[in-house]
1. Scanning region 61-96 for residues that are among the charged types (D, E, K, R) and open to solvent by 70 Å² or more (accessible area, probe 1.4 Å), which turns out modelled with the lowest pLDDT?
2. Using beta carbons and a limit of 6 Å, which pairs, at least six apart or on different chains, have the first residue in region 49-60 and over 12 Å from residue 135 (Cα atoms) and the second one acidic (Asp, Glu) and surrounded by fewer than 22 Cβ atoms within 10 Å (Cβ to Cβ)?
3. Within region 110-137, which residues are basic (Lys, Arg) and either closer than 11 Å to residue 34 by Cα or modelled with pLDDT of 90 or more (or both)?
4. Given (1) open to solvent by less than 100 Å² (accessible area, probe 1.4 Å); (2) modelled with pLDDT of 80 or more, where does residue 7 come up short, assuming only one miss?
5. What are the pairs with Cβ atoms under 7 angstrom where one residue, in region 131-151, is touching a residue at least 12 places away in the same chain (Cβ under 8 Å) and farther than 19 Å from residue 31 by Cα and the other, located anywhere, is among the charged types (D, E, K, R) and surrounded by fewer than 21 Cβ atoms within 10 Å (Cβ to Cβ)? Sequence gap at least six, or different chains.
6. Taking the options 174, 161, name whichever one is over 19 Å from residue 50 (Cβ atoms) and part of a loop (DSSP other than H, G, I, E, B).
7. Pick from region 142-162 the residues that are within 21 Å of residue 46 (Cβ to Cβ) and of a type in the set (S, T, N, Q): which of them is most open to solvent (accessible area, probe 1.4 Å)?
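The values are calculated or read from the model by the stated rules, or taken from the named source; none is laboratory data. All of these numbers come straight from a predicted model, not from anything done at the bench. Ideal geometry is used to build each Cβ from the backbone, glycine not excepted, and the neighbour counts take in all protein chains shown. To get the accessible areas, we keep the full protein, side chains included, count just its heavy atoms, and leave off ligands, DNA and RNA. Shrake-Rupley method; radii C 1.70, N 1.55, O 1.52, S 1.80 Å.
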Amino acid sequence: MGCDGGTIPKRHELVKGPKKVEKVDKNAELVARWYYCALSQEKLCKPIVACELGRLYNKDAVIEHLLDKSPEKTVMEGASHIKSIKNVIELNLTDNPAWNGDKGNTKGDKYDDLQVACFICPVVGLEMNGRHRFCVLRSCGCVFSERALKEIKTDVCHKCGSAFQEDDIILLNGNKEEVEVLRKRMEERRLKAKLSKKPKKCKTLETLSQTGAAEDSPGTSEVKSDQGFPTRDKIQFVSSSKSAATSGRPSSTATKRPVANGEEKSEAYKSIFTSHSSAKRTKEQSSNWVTHTAYYF
């Protein structure tokens, strides 16, 4: 225990109690959510996109994440639901005229006011710094404060004029309960998209079968010939024996006979061939099986 040199230990040095829960700084949490990318942890810069759960990303970081197919790729919890670039919405943001950017504090000797944000609501003028709730419209990507959507209730976007529904409103950086509601909407939306694709495939197959049946039917050729288009004769590939039979001419195989039996040729000419009677030999004159010649066959 020590106590050398007259030291007196206190109770908290000898008895270890339960650890205190570390409290997260709310300002630091807001800055991390609204000023930094949820995937690459870099500062948000245009073009900025938002997922269907309301998280903010740099578009370049999302594209790099989707293109990375290596087995060593670490699956991020914040981007596991992003399967393609269609799952994110590019934000149409309104710049804040009062924001000077990082140029004013290049030396680091000035105070950074976290209340001043890069973007504002185009209707009310509230700054997008995490102190106020903001929403994005999934149909057009315009960003407004929740106060503006509640005070001015319309079915048309205040900025671009495109129509939207209540399901198209996505709350940015909501709490856990709000994220769960958005996740259920996302899953339902994706199921509807899958079910809508199946009937389209069936329709395409039906149209292909109908066109194939229409081509096989004999009525189509008659209709085309009546319209004035020249009809093409079909080329039929027929064997030589069938063509000879149909044409009435004797085929070459049917009339083939040995030259030696020809009556038009002379005896000297006939004797050249093995089919002539002078070339035929008896069994005694034929050669042995070891020394076969052409006459044996």
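1. Residues of region 61-96 among the charged types (D, E, K, R): 64, 68-69, 72-73, 77, 83, 86, 90, 95.
Of the ones still in play, those that are also open to solvent by 70 Å² or more (accessible area, probe 1.4 Å) are 64, 69, 72, 77, 83, 86, 90, 95.
Numbers: 64: 90, 69: 82, 72: 76, 77: 73, 83: 88, 86: 89, 90: 92, 95: 90.
Among residues in region 61-96 that are among the charged types (D, E, K, R) and open to solvent by 70 Å² or more (accessible area, probe 1.4 Å), the one modelled with the lowest pLDDT is 77.
2. 49/90
3. 131, 133, listed by residue number.
4. Here residue 7 meets the rest and fails (2).
5. Matching pairs, first to second residue: 137/168; 138/168; 139/168; 141/90; 142/159; 146/133.
6. Working: 174 fails: over 19 Å from residue 50 (Cβ atoms).
The match here is 161.
7. Result: 162.
Yes/no matrix, rows are residues, columns are (1) in a loop (DSSP other than H, G, I, E, B); (2) surrounded by 16 or more Cβ atoms within 10 Å (Cβ to Cβ); (3) touching a strand residue (DSSP E or B) at 6+ places or on another chain (Cβ under 6 Å):
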| position | (1), (2), (3) |
| --- | --- |
| 13 | no, no, no |
| 23 | yes, no, no |
| 27 | no, no, no |
| 53 | yes, yes, no |
| 98 | yes, no, no |
